[in-house]
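A short worksheet on the structure shown next.
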Amino acid sequence: MKLTLIAVACSSLLVGTLAAGAALADDAALRAQAKSAGLAALPYGAGKVTDNPLTREKIDLGAMLFFDPRISASGLISCNTCHNLGTGGDDNLPTSVGHGWQKGPRNAPTVLNAVYNKAQFWDGRAADLKEQAKGPVQAGVEMANKPDAVVVTLQSMPQYVERFSRAFPGEADPVTFDNMARAIEAFEATLVTPAAPFDAWFEGNDQAMTEEQKQGLDLFITKGCTACHSSVNFGGQDYFPFGLIKKPGADILPRGDKGRFAVTKTASDEYVFRAAPLRNIALTAPYFHSGQVWDLEQAVAVMSNAQLGTEMEEHQATLIAQFLTALTGEQPQVLYPILPVETTDTPKPKL
C-alpha cells in the first residue's frame, strides 16, 4: 500500500512537472512568435524626441501649458480637455467638442504613448508632437486661437515669462509659439504607460497574462492583426486603407472624410488612415476615427471583416479583446499644476 502511494505521488509530481514544462515551452514559443511579428515591450522613462532636449524646467512648463485653457480663444479649452489624462488620454466622446460647442470631425486619439507614434493625427499630417501641439490651438473647431494671440497671453503673465526663460535659457525672446509647442512636446514625451501585463510577460514573466490573454495574443498574430498593429505601440507606425477588403458602412466610415488624401492629394490615399496604436485601448472607447463603436469586441470584429476579409467567430473576438486589455499599462501620475496668475494685460476670453 505504501509503495502504491509513493508511486501515485511520483506520478503526480512527474505529470505536474511535464505540464509546467509544456506551459513554459508554449510561452517561450509564443514569445518568440510575438518578437518575430514585431511586437515589443514599452520601455520605462520618457520617450525620445528630436531637436528638443528634455529638461525638468521644460517638462514642468509643458505641463502648465497642457492644462492651461487660456491658450484657447475662449479660455475654456486646454489640451487636457480632449486628451484627459484621467480617462486614458482622450475625452471618451465620438468626436471632441471645441470652440463654440462645435463638434470636431474625428475622434480624439489618446496622448498616452503618442511619443512612440511615427506621425501624429489620424492622417499623419504632423511629423512629431511639437508640430501636433500647434494644430488644435489654431483649429477653428477646436481652440480657435492664433499664434500671436497666444504669445500675447503668455507674455502678459510674469510667471510664464520667467518659466520660459528658465526652460529656454540663452534665448533673447524665449516666449514664442514654437517654444510653447516644444514645452508641450517635452511634457507629452513623459506620458508613457509601461509595465502592462503584456510587457511583463514579454520580458519573461509567464504568469503576467492569463491563458485567455495568451490565446488572444496567438490569434492576434496568426489572424494577421500585427500586419498593421506592431512595434512598441501596437500601431501608429504606418497608414492603411480603412476597408482594405470590405468597406464598413457610412456610420463607421463616413464618406466625407477621405483621411490621408486631405494631406497628400493622392487618389490612392482616399480613406487611408494611420493604424491606431492599441496601447491602453481598453480605456479609450469609442473606437475608430469616427468614434462610432463603443465595444472592444465589436471593434475587433469590424476590423477582421474590413481589413482581413473574414467573419471572426465570436469567441475569437472575445479572446483578442481579452488580450488587448493586457496592453493597459501604469497610468502617469500627474500633479495638476498651479497656473500663473492673470494680469490686467491678459486678453479677455472670446466666447
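Somewhere in the stretch 118-131, is a residue open to solvent by 20 Å² or more (accessible area, probe 1.4 Å), in a loop (DSSP other than H, G, I, E, B), in contact with a helix residue (DSSP H, G or I) (Cβ under 6 Å, 6 or more places away or on another chain) and of a type in the set (K, R)?
So in the stretch 118-131, the residues open to solvent by 20 Å² or more (accessible area, probe 1.4 Å) come out as 118, 121-122, 125, 127-128, 130-131.
Adding the requirement that they be in a loop (DSSP other than H, G, I, E, B) leaves 118, 121-122, 125, 127-128.
Retained after the next criterion (residues that are in contact with a helix residue (DSSP H, G or I) (Cβ under 6 Å, 6 or more places away or on another chain)): 125.
In the following step, the residues that additionally are of a type in the set (K, R) were identified as 125.
For the stretch 118-131, residues open to solvent by 20 Å² or more (accessible area, probe 1.4 Å), in a loop (DSSP other than H, G, I, E, B), in contact with a helix residue (DSSP H, G or I) (Cβ under 6 Å, 6 or more places away or on another chain) and of a type in the set (K, R): present.
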When (1) of a type outside the set (V, I, T); (2) open to solvent by less than 40 Å² (accessible area, probe 1.4 Å); (3) more than 15 Å from R106 (Cβ to Cβ); (4) touching a Gly at 6+ places or on another chain (Cβ under 7 Å) are applied to Y271, the one that fails is (3)
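Quick one: which of G100, G16 is at positive phi, modelled with pLDDT under 95 and not aliphatic (A, V, I, L, M)?
Working: G16 fails: at positive phi.
The match here is G100.
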Checked pairs for the stretch 270-299, first free of Cβ contacts under 8 Å to residues at least 24 places away in the same chain, second among the β-branched types (V, I, T) and open to solvent by less than 30 Å² (accessible area, probe 1.4 Å), C-beta under 9 Å and 6 or more apart or across chains, list as A299/I281; A299/V293
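Picking from S78, S36, S74, which residue would you name as being open to solvent by less than 20 Å² (accessible area, probe 1.4 Å), at pLDDT 95 or above, out of contact with any Ser or Thr (no Cβ under 8 Å at 6 or more places or on another chain) and small (G, A, S)?
Working: S78 fails: out of contact with any Ser or Thr (no Cβ under 8 Å at 6 or more places or on another chain); S36 fails: open to solvent by less than 20 Å² (accessible area, probe 1.4 Å).
The match here is S74.
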For the stretch 132-150, pairs from a residue that is more than 17 Å from R106 (Cβ to Cβ) and open to solvent by 40 Å² or more (accessible area, probe 1.4 Å) to a residue that is of a type in the set (D, E) and not in a loop (DSSP other than H, G, I, E, B), with Cβ under 7 Å and 6 or more apart or across chains, are none
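Just to be sure I understand, how many residues within the stretch 217-240 are open to solvent by 50 Å² or more (accessible area, probe 1.4 Å) and outside any loop (DSSP other than H, G, I, E, B)? Can you show your working first?
Looking only at the stretch 217-240, we keep the residues that are open to solvent by 50 Å² or more (accessible area, probe 1.4 Å), and these are 218, 222-223, 227, 237-240.
Of the ones still in play, those that are also outside any loop (DSSP other than H, G, I, E, B) are 218, 222, 227, 239-240.
Looking only at that region, the number is 5.
Yes/no per residue for (1) farther than 30 Å from F187 by Cβ; (2) out of contact with any Cys (no Cβ under 9 Å at 6 or more places or on another chain); (3) open to solvent by less than 50 Å² (accessible area, probe 1.4 Å):
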| site | (1), (2), (3) |
| --- | --- |
| P277 | no, yes, yes |
| F288 | no, yes, yes |
| V300 | yes, no, yes |
| Q316 | yes, yes, yes |
| E330 | no, yes, no |
| L335 | no, yes, no |
| I338 | no, yes, no |
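For the stretch 176-194, which residues satisfy the criterion of being without any contact (Cβ under 8 Å) to a residue 60 or more places away in the chain and either open to solvent by 10 Å² or more (accessible area, probe 1.4 Å) or acidic (D, E) (or both)?
Across the stretch 176-194, the qualifying residues are T176, F177, D178.
Okay, residues lined up against (1) modelled with pLDDT under 95; (2) over 23 Å from C79 (Cα atoms):
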{"site": "A262", "(1), (2)": "yes, yes"}
{"site": "S268", "(1), (2)": "yes, yes"}
{"site": "R279", "(1), (2)": "no, no"}
{"site": "D295", "(1), (2)": "no, yes"}
{"site": "I320", "(1), (2)": "no, yes"}
{"site": "G329", "(1), (2)": "no, no"}
{"site": "P340", "(1), (2)": "no, no"}
{"site": "K348", "(1), (2)": "no, no"}
Pairing a residue in the stretch 47-61 that is over 14 Å from N179 (Cα atoms) with any residue that is aromatic (F, W, Y) and buried (at least 17 other Cβ atoms within 10 Å of the Cβ), where Cβ atoms lie under 6 Å and the two sit 6 or more apart in sequence or on different chains, gives G47/Y116
If you go through A276, A282, the only one that is aliphatic (A, V, I, L, M) and not in a loop (DSSP other than H, G, I, E, B) is A282
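The values are calculated or read from the model by the stated rules, or taken from the named source; none is laboratory data. Because the structure is predicted, anything quoted here is derived from the model rather than measured. Ideal geometry is used to build each Cβ from the backbone, glycine not excepted, and the neighbour counts take in all protein chains shown. In case anyone asks, the SASA skips ligands and DNA or RNA and just uses the protein heavy atoms, side chains included. Shrake-Rupley method; radii C 1.70, N 1.55, O 1.52, S 1.80 Å.
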